[in-house]
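Data block below; observations after.
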Amino acid sequence: YMGTSLLLQIQPHEHSSTCDADALKLATLMLQSEEALKKKIFIFTDGYSSNPLLLTKTLLEAESQSIEVVGCGVGMDVTNVPELFARYVTAAVPSSFPSALRELYESNVEFISEPDDATTQCRW
């Protein structure tokens, strides 16, 4: 119920732009009541935030609450994802995400690879 109530409070921006900062704030609020030792949020994005400054502020707030946020860039042009997110993966096609996330969490190091089906990048 709380999640539905909070979702209804998010108002779309003019011109139907991305509400990524609002979504992150909502997810952060929802995780505050959780008692999990590790809290993670995955944000799927094209890398073009409607409000990059607010997104950066919200990312810092999540980090201050020990919430790990991973930016998941989708598509061929996700050049802004590394600029917005400290931890990120990118994939040209959604089917590449499982291997990108696996490599991100297994290696814990920065890497760039180009699998046969799509370009994948990760940074930890």
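For region 24-39, a residue qualifies if it is touching a Leu at 6+ places or on another chain (Cβ under 9 Å) and within 17 Å of Tyr88 (Cβ to Cβ), and exactly one does: Leu24. Going by the structure shown, is Phe85 modelled with pLDDT of 90 or more and touching a Cys at 6+ places or on another chain (Cβ under 7 Å)? Answer is no for this residue.
Among the residues of region 74-107, the ones that are open to solvent by 70 Å² or more (accessible area, probe 1.4 Å), of a type outside the set (D, E, K, R) and not in a helix (DSSP H, G or I) come to 2 in all.
Just checking, does region 36-52 include any residue being assigned to a helix (DSSP H, G or I), open to solvent by less than 80 Å² (accessible area, probe 1.4 Å), at pLDDT 90 or above and not charged (D, E, K, R)? Checked against the condition, which is being assigned to a helix (DSSP H, G or I), open to solvent by less than 80 Å² (accessible area, probe 1.4 Å), at pLDDT 90 or above and not charged (D, E, K, R), region 36-52 yields at least one hit. Under the condition of being open to solvent by less than 50 Å² (accessible area, probe 1.4 Å), over 18 Å from Lys38 (Cβ atoms) and in a helix (DSSP H, G or I), the residues counted in region 53-73 number 2.
The values are calculated or read from the model by the stated rules, or taken from the named source; none is laboratory data. Predicted model, so just to flag it, every value in this text is computed and none were measured. Don't worry about glycine lacking a Cβ; one is built from the backbone with ideal geometry, like all the others, and counts go over all protein chains shown. These accessible areas exclude ligands, DNA and RNA; they are computed on the full protein's heavy atoms, side chains included. Shrake-Rupley method; radii C 1.70, N 1.55, O 1.52, S 1.80 Å.
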